[in-house]
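The values are calculated or read from the model by the stated rules, or taken from the named source; none is laboratory data. For clarity, every value in this text was computed on a predicted model and none was experimentally measured. FYI the Cβ positions are ideal-geometry reconstructions off the backbone, even for glycines, and counts take in every protein chain you see. Side chains included, ligands, DNA and RNA excluded: accessible areas come from the protein's heavy atoms. Shrake-Rupley method; radii C 1.70, N 1.55, O 1.52, S 1.80 Å.
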Amino acid sequence: MNLDAMVPERYGEQLEQKRHLLQQSFAEFSPPLLEVFPSQPQHYRMRAEFRVWHDGDDLYFCVYDQQAKQPVRCDQFLPASALINQMMLALVDELKPNSALRHRLFQVDFLSTLSGDILVSLLYHRQLDDVWQAEAAALKQRLSSRFKVDLIGRARKQKVLLDRDFVIETLPVNNEQFHYKQVENSFTQPNAGVACKMLEWAQDCTRNSRGDLLELYCGNGNFSIALAQNFGKVLATELAKPSVESAQYNIEANQIANLQIIRMSAEEFSAAMTRERQFRRLEGIDLNSYDCNTIFVDPPRAGLDQQTVDMVQGYDNILYISCNPETLKENLTQLCRTHRIARFALFDQFPYTEHVEAGVLLQRK
């Protein structure tokens, strides 16, 4: 992380550079005009991790500065949400005089929300005992007078919960509110403001759709819950068990009646669709009852594997969100033989870095 690059007054210049590079990089596919969705220039990250530095009686947070190639003291952190910054100050004041809580503490992770919840994970190079738990409970009680906070203690092969290991986020999307359970150490979109714009864009791309939707890599149901209103039914897949459990919670919390989540990888589902393999997890699910002519994919950085690209190519409409434009380009080399890019978007989840999230809507030629 280059701390010197974090200048809110220059954010517009940096975003323009990203726009130019992305449009130029995808010119070979003749996409339409790039839609650009900016971030807030500060306090945009809902998650943050800090190393803890002990210096005699002093204790403070550090981040690693790639430019300086060393850890740098960080009392406040511009990218982190205002809630995280407030908690950083309050927590340091509590930890400094408390030997039971600060002893061999090496990292603190924060997970915050737009809706005011915050989860603090304290990571230790020692086992946590009853004294630690009593002090942590007292700390939570004191912090709870100012914050909607939960605390977790972690050590090697040990996880101590004082209450719960998740937060409930509420995202405003096109004049609606969607509620999401977000579990510690599970993937969630780090930039909640841009995440709302991504959901609104995906809703707009699929408005007036006919038939059903298939989604791969659905995570905690982030997109599928917001998109369900645009389709008759939604069938979604996800491999990570904690994400599937969160997705089921979120389906109930948002009262979504037409969404079915299956715990399988995209590769497994591709094999099931081509009848190469049979899976017990699909027992009771009639794949033939779904009339899916739209597929939504939000794969990891590696992009879609060849078998999944072949399967995806069979759908009339492909909505593809990518956290790695290079692997998106690789997949488009094949997909654009049968489809054209109807919408093209840049979502700036990570200001002041080279990373961009891209979105394309592909329609059969």
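Taking only Cα atoms of the stretch 116-181, what ratio of Rg to Rh do you get with Rh as the Kirkwood inverse-distance radius?
On the way: Rg = 14.7 Å, Rh = 13.3 Å.
When Rh is taken as the Kirkwood radius, the ratio is 1.10.
Packing-wise, with mean Cβ within 10 Å as the measure, how do 289-301, 310-322 rank, highest first? Before the final figure, lay out the partial values.
Details: 289-301: 18.2, 310-322: 20.1.
Descending mean neighbour count gives 310-322, 289-301.
Taking the alpha-carbon distance from LYS96 and a cut-off under 21 Å, which lysines remain once sequence neighbours fewer than 8 residues away in the same chain are dropped?
Once the sequence-local lysines are set aside, what remains near LYS96 is LYS140.
How much area per residue is accessible in the chain when the probe is 1.4 Å and only protein heavy atoms are counted (Å²)?
Values: 17070 Å² over 365 residues.
Result: 47 Å² of accessible area for each residue.
Separation of the stretch 18-41 and the stretch 86-128 by C-alpha centroid, Å?
39
How big is the stretch 238-281 by Rg and Dmax over its Cα atoms, in Å?
Radius of gyration, then largest Cα-Cα span, for the stretch 238-281: 12.1, 36 Å.
Per-residue ellipticity at 222 nm for the chain, helices alone: DSSP H runs ≥ 4 residues times -39500 (n - 2.57), over residue total, nearest 500 deg cm²/dmol?
Working: 10 runs with 107 residues, N = 365.
Dividing the helical sum by the residues of the chain leaves -9000 deg cm²/dmol.
Which whole-number percentage describes the relative contact order of the stretch 282-354, with Cα contacts under 8 Å and a sequence gap of 6 or more?
On the way: 50 pairs, mean separation 22.4, N = 73.
Dividing the mean separation by the residue count of the stretch 282-354 yields 31 percent.
Quick one: what are the phi-derived ³J(HN,Hα) couplings along the stretch 127-139, Karplus 6.51/-1.76/1.60 with θ = phi - 60°, whole Hz, x for glycine and proline?
Once rounded to whole Hz, the list reads 7, 9, 10, 5, 5, 4, 5, 5, 5, 5, 5, 5, 4.
Please state the Cα pair-distance histogram of the stretch 196-283 with 5 angstrom bins from zero: what percent is in each bin?
3, 15, 24, 24, 19, 11, 4, 1
Could you order the peptides 198-208, 349-359 from most to least packed, using the average number of other C-beta atoms within 10 Å per residue?
On the way: 198-208: 17.5, 349-359: 19.3.
Packing order, densest peptide first, comes out as 349-359, 198-208.
Give me the lysines in straight-line cross-link reach of LYS18: C-alpha distance below 24 Å, same-chain residues under 8 apart excluded.
Reachable lysines: LYS197, LYS329.
Over the stretch 131-235, what lengths in whole Å, largest first, do the semi-axes of the equivalent ellipsoid take, defined as the square roots of 5 times the eigenvalues of the alpha-carbon gyration tensor?
Working: eigenvalues 268, 48, 19 Å².
Calculated on Cα positions only, the semi-axes equal 37, 15, 10 Å.
If I build a Gaussian network model for the chain, linking alpha-carbon pairs within less than 10 angstrom, which residue out of LEU213, LEU33, LEU304 has the largest mean-square fluctuation?
With Cα springs under 10 Å in the chain, the top fluctuation among LEU213, LEU33, LEU304 is at LEU33.
Consider all pairwise Cα distances in the chain and report the whole-number % of them above 33 Å. Mind showing how you got there, number by number?
Working: 24005 of 66430 pairs.
Cα-Cα pairs in the chain separated by more than 33 Å: 36 percent.
Give me the percent relative contact order of the stretch 1-64, please, defined on Cα pairs under 8 angstrom at least 6 residues apart. Numbers along the way, then the final one.
On the way: 23 pairs, mean separation 15.9, N = 64.
For the stretch 1-64, the relative contact order is 25 percent.
I want the antiparallel fraction of DSSP beta bridges within the chain, as a percent rounded to 5. Please report the intermediate quantities before stating the final value.
On the way: 48 of 76 bridges.
Bridges in the chain that DSSP calls antiparallel: roughly 65 percent.
Given a cut-off of under 8 Å on Cα pairs at least six residues apart, what relative contact order in percent is computed for the chain?
Working: 701 pairs, mean separation 57.1, N = 365.
Worked out over the chain, it gives 16 percent.
Report ³J(HN,Hα) in whole Hz for each residue of the stretch 232-237, in order, from the Karplus equation J = 6.51 cos²θ - 1.76 cosθ + 1.60 where θ = phi - 60°; Gly and Pro get x.
x, 9, 10, 10, 10, 10
Please list, in order along the stretch 341-348, the HN-Hα scalar couplings obtained from phi with the Karplus expression 6.51 cos²θ - 1.76 cosθ + 1.60 (θ = phi - 60°), rounded to whole Hz, x for Gly and Pro.
7, 8, 9, 9, 9, 10, 10, 8
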